[in-house]
1. For helix 348-358, report the angle its Cα long axis makes with the longest principal axis of the Cα atoms of the chain; keep it between 0 and 90° and round to the nearest 10°.
2. Under a point-charge model restricted to the Cβ atoms of Lys and Arg (+1) and Asp and Glu (-1), what is the dipole moment magnitude of the stretch 111-182 relative to its Cα centre, in debye to the nearest 20?
3. Distance from the Cα centre of the stretch 354-413 to that of the stretch 86-160, in angstrom?
4. So, with a 1.4 angstrom probe, what is the percent of accessible area on the stretch 318-360 that is carbon and sulfur?
5. Starting from the Cα gyration tensor of the stretch 228-332, take the square roots of the eigenvalues, sort them a ≥ b ≥ c, and report rounded, prolate or oblate (rounded when a/c is under 1.5, otherwise prolate if a/b is larger than b/c, else oblate).
6. What's the angle, to the nearest 10 degrees (0 to 90), between helix 225-243's Cα axis and the longest principal axis of the chain?
7. Compute, for TYR308, the solvent-accessible surface of its heavy atoms (probe 1.4 Å) with the complete set of protein chains present, and express it in square angstrom to the nearest 10.
8. Kindly state, to the nearest 0.05, the FRET efficiency for GLN290 paired with HIS26, given R0 = 35 Å and r defined as their beta-carbon distance.
Amino acid sequence: MKLLCLSNGHGEDAIAVRILDALRQHPDAPELAALPLVGAGRTYVQADIPIIGPVKAMPSGGFIYMDGRQLWQDVRGGLLGLTWAQLQTVKRWGNSGGTVLAVGDIVPLAMAWWSGGNYGFVGTAKSEYYIRDDGGRLLKQRRSEAWSGSVYLPWERWLLSRSRCRAVYPRDSLTTAVLKQFKIPAHDLGNPMMDGLAVPRYDRPEQEDQRPLTVLLLTGSRSPEAERNWQILLAAAQALCRDRPQRPLLFLGAIAPGLDPAPFQAALNNQGWRSTPLPDTAPITAPDAQAWKLDRDRHQIILTQQAYAPCLNAADLAFAMAGTATEQFVGLGKPAIALPGAGPQFTPQFAEAQTRLLGVSVTLVQRPQDVPKICHSLLNNADTLQIIAENGRNRMGTSGAAARIADHVVAVL
């Protein structure tokens with residue numbers, strides 16, 4: 001068996017690699033290859049998975065669907081020629097008898113169909129939670145979006161219901177149930193997005209009422225949007241510091257590895273934060289994790305580009321302007337406060353859609369100065385926190401999905 005994995009985005013590449021890693025450990029491991037449709041595929045290269053076709057980083061970073069100007073920039077950057085060359089690569093793969101696993105949305109799905117071979121689909125972009133409540137009932141204000149009966153539109157369902165489409169892996173149980181109504185071979189095996197996030201819980205030396213409140217700051221992964229988002233998140237952090245001068249606050253800045261940390265450090269210095277040594281008792285200390293610690297008054301902030309999972313596990317709540325990272329944090333059963341930015345990714349429209357996807361686990365706040373009030377409301381209501389914990393795990397699933405999907409791929413593809 002030869003398996004080609006198609007994906008279209010940094011987050012999708014990461015999910016694909018988790019599944020391919022599980023496939024490599026399978027007793028009947030197939031010959032693996034990848035073709036990232038967006039970006040240079042650094043995640044695949046780091047995982048030592050061969051890339052078999054042309055790749056190129058485009059100006060939009062993959063967010064062409066959010067802004068027509070981004071699409072035009074990509075067209076000028078060679079998008080049409082790149083897409084044609086990738087289509088030819090996929091067709092050659094199918095003609096040679098290879099199968100395809102598409103990860104993402106309709107773009108890799110359509111290419112998988114175009115290959116002419118058998119294919120499977122891991123749906124990361126769409127969920128019925130965008131238009132339905134927990135009971136599966138359509139949201140009144142979203143009924144116009146559900147004209148076809150599902151968040152997956154008729155042409156997407158057509159691709160998913162072809163005889164060559166051997167398996168579909170939606171991101172949650174609700175979406176699986178709806179797709180099955182359309183005779184689509186959907187399987188509820190979990191969401192690979194939650195794999196690899198569980199790390200040993202930070203052993204806090206303080207009593208619960210004396211330890212710092214730990215807040216995760218999620219900026220997104222695309223420059224220069226991430227740097228603009230950082231300014232908004234720091235404004236929210238500063239508002240919380242003013243609101244809680246007595247209790248120490250610990251902020252964790254989980255900065256994407258591909259970003260330059262200098263602008264983030266400079267923004268902190270401009271607000272009066274000063275660098276200090278990172279203690280061995282820090283919640284994100286790891287042998288290979290470079291991190292920077294800054295103090296101001298009783299409060300601390302730690303920046304890191306390598307200790308992402310420990311940051312997610314150590315934090316009590318998140319101030320979020322990110323997509324995948326916010327979903328993963330919520331999946332750990334924790335509350336997030338979202339602050340919309342200028343985009344191109346984390347726009348007000350994206351943030352509003354995210355609150356539908358993640359339900360009560362995300363609170364949308366329009367202004368940084370309103371964050372302290374929401375924090376107080378969330379953290380002082382044990383019943384609400386319990387509901388948020390259950391909701392996050394229900395909507396994002398448990399870990400281990402990549403191995404379950406890998407076993408099923410070998411069986412049916």
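The values are calculated or read from the model by the stated rules, or taken from the named source; none is laboratory data. Values in this document were obtained by computation on a predicted structure and should not be read as measured data. So basically every Cβ, Gly included, is an ideal-geometry build from the backbone, and we count neighbours across all protein chains shown. Remember, those area values only see protein heavy atoms, side chains included, never the ligands or the DNA or RNA. Shrake-Rupley method; radii C 1.70, N 1.55, O 1.52, S 1.80 Å.
1. Its long axis makes an angle of about 80 degrees.
2. Magnitude of the dipole: close to 160 debye.
3. First find each Cα centre; the distance between them is then 23 Å.
4. 62
5. Rounded.
6. 30
7. Rounded to the nearest 10, the figure is 80 Å².
8. Values: r = 34 Å, r/R0 = 0.98.
Once rounded, the FRET efficiency stands at 0.55.
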